[in-house]
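Enquirer: Handing you a structure now.
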């Protein structure tokens, strides 16, 4: 990638496992200056890139992380907003507190990171923000409505942000992954009542089994890292990049082409819902 002055500085949030770790390791191997960030970096075995402490739900933590990199490298060329988690359960039974926590990390965490990094990118006249969304940010699945809604929100945020910062040389892109083999299922928060006493229980448990089967049996997330690197190299990246295997990669075009009633029946059948 040329000499050190030409090397891009990349910050990846949620970089100690799953998609974030795969992206950070790949970009490091390609010669980028990579900083990972995580809530508990002290619990992680040594990685090939430095990992800074970051809680995306804390304004102070976000600013400390960004300022540390600016002090060390004088710039941040690429921000990859990957940090996030999922809650599962019926909307009726998920608490408002759970839903707010979901949005505080998955949506407002992205907002905080963008607000902290954009002033530096704008001053430099260039930069790239890649927000990791989800296929669930395009089509909602049952019993993950709050997670999907947070990703729908990231999609809308990215559309608006892209228009606002383009004049300053700052680019914005979305990656919408399908199911890949990561640690995401083990981090999913499931309400105890949904697992035991709920009238939704049999449908909910069937749906969770189908979700986890797709996630645990999916491919490694290497294609996402490859797509990230391609976006970084593009002069004018698109807004959206879906990275998914068959048949999930058909979801975006099918949503545009088919009546919603048919999409709904496909989703219900896939998640074993009797509607």
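Enquirer: Under 23 Å from residue 243 (Cβ atoms), in contact with a helix residue (DSSP H, G or I) (Cβ under 7 Å, 6 or more places away or on another chain), surrounded by fewer than 21 Cβ atoms within 10 Å (Cβ to Cβ) and without any contact (Cβ under 8 Å) to a residue 60 or more places away in the chain: does that describe residue 168?
Expert: Values: under 23 Å from residue 243 (Cβ atoms): no; in contact with a helix residue (DSSP H, G or I) (Cβ under 7 Å, 6 or more places away or on another chain): yes; surrounded by fewer than 21 Cβ atoms within 10 Å (Cβ to Cβ): yes; without any contact (Cβ under 8 Å) to a residue 60 or more places away in the chain: yes.
So residue 168 fails the test.
Enquirer: Another question, if that's okay. Is it the case that the range 141-155 has a residue that's over 17 Å from the mean Cα position of the chain (by Cα) and assigned to a strand (DSSP E or B)?
Expert: Residues of the range 141-155 over 17 Å from the mean Cα position of the chain (by Cα): 142-143.
If we keep only those that are assigned to a strand (DSSP E or B) as well, we get none.
Checked against the condition, which is being over 17 Å from the mean Cα position of the chain (by Cα) and assigned to a strand (DSSP E or B), the range 141-155 yields no hits at all.
Enquirer: Check residue 42 against each of (1) surrounded by fewer than 16 Cβ atoms within 10 Å (Cβ to Cβ); (2) closer than 23 Å to residue 230 by Cα and name the one condition it does not meet.
Expert: That leaves (2) as the condition not met.
Enquirer: Now for a different question. Tell me, yes or no, whether the range 219-233 has at least one residue that is at pLDDT below 85, out of contact with any strand residue (DSSP E or B) (no Cβ under 8 Å at 6 or more places or on another chain) and closer than 15 Å to residue 19 by Cβ.
Expert: Looking only at the range 219-233, we keep the residues that are at pLDDT below 85, and these are 219.
Okay, now just the ones that are also out of contact with any strand residue (DSSP E or B) (no Cβ under 8 Å at 6 or more places or on another chain), so 219.
Going one step further and asking which of them are closer than 15 Å to residue 19 by Cβ, we end up with 219.
Checked against the condition, which is being at pLDDT below 85, out of contact with any strand residue (DSSP E or B) (no Cβ under 8 Å at 6 or more places or on another chain) and closer than 15 Å to residue 19 by Cβ, the range 219-233 yields at least one hit.
Enquirer: May I ask you to say which residue of 91, 76, 69 is over 16 Å from the mean Cα position of the chain (by Cα) and surrounded by 23 or more Cβ atoms within 10 Å (Cβ to Cβ)? Walk me through it before giving the result.
Expert: Details: 91 fails: surrounded by 23 or more Cβ atoms within 10 Å (Cβ to Cβ); 69 fails: surrounded by 23 or more Cβ atoms within 10 Å (Cβ to Cβ).
From the options 91, 76, 69, the qualifying one is 76.
Enquirer: Mind counting the residues in the range 255-275 that are touching a residue at least 60 places away in the same chain (Cβ under 8 Å), part of a helix (DSSP H, G or I) and within 20 Å of residue 203 (Cα to Cα)?
Expert: As a first pass, look at the range 255-275 and keep what is touching a residue at least 60 places away in the same chain (Cβ under 8 Å): 255, 263, 267-268, 270-274.
So of that shortlist, the ones also part of a helix (DSSP H, G or I) come out as 255, 263, 267-268, 270.
Now restrict to residues that are within 20 Å of residue 203 (Cα to Cα): 263, 267-268, 270.
Summing the residues that are touching a residue at least 60 places away in the same chain (Cβ under 8 Å), part of a helix (DSSP H, G or I) and within 20 Å of residue 203 (Cα to Cα) in the range 255-275 gives 4.
The values are calculated or read from the model by the stated rules, or taken from the named source; none is laboratory data. Please read these numbers as outputs of a predicted model, since none were measured by experiment. In this analysis, Cβ positions are derived from the backbone assuming ideal geometry, glycine residues included, and neighbour counts consider all displayed protein chains.
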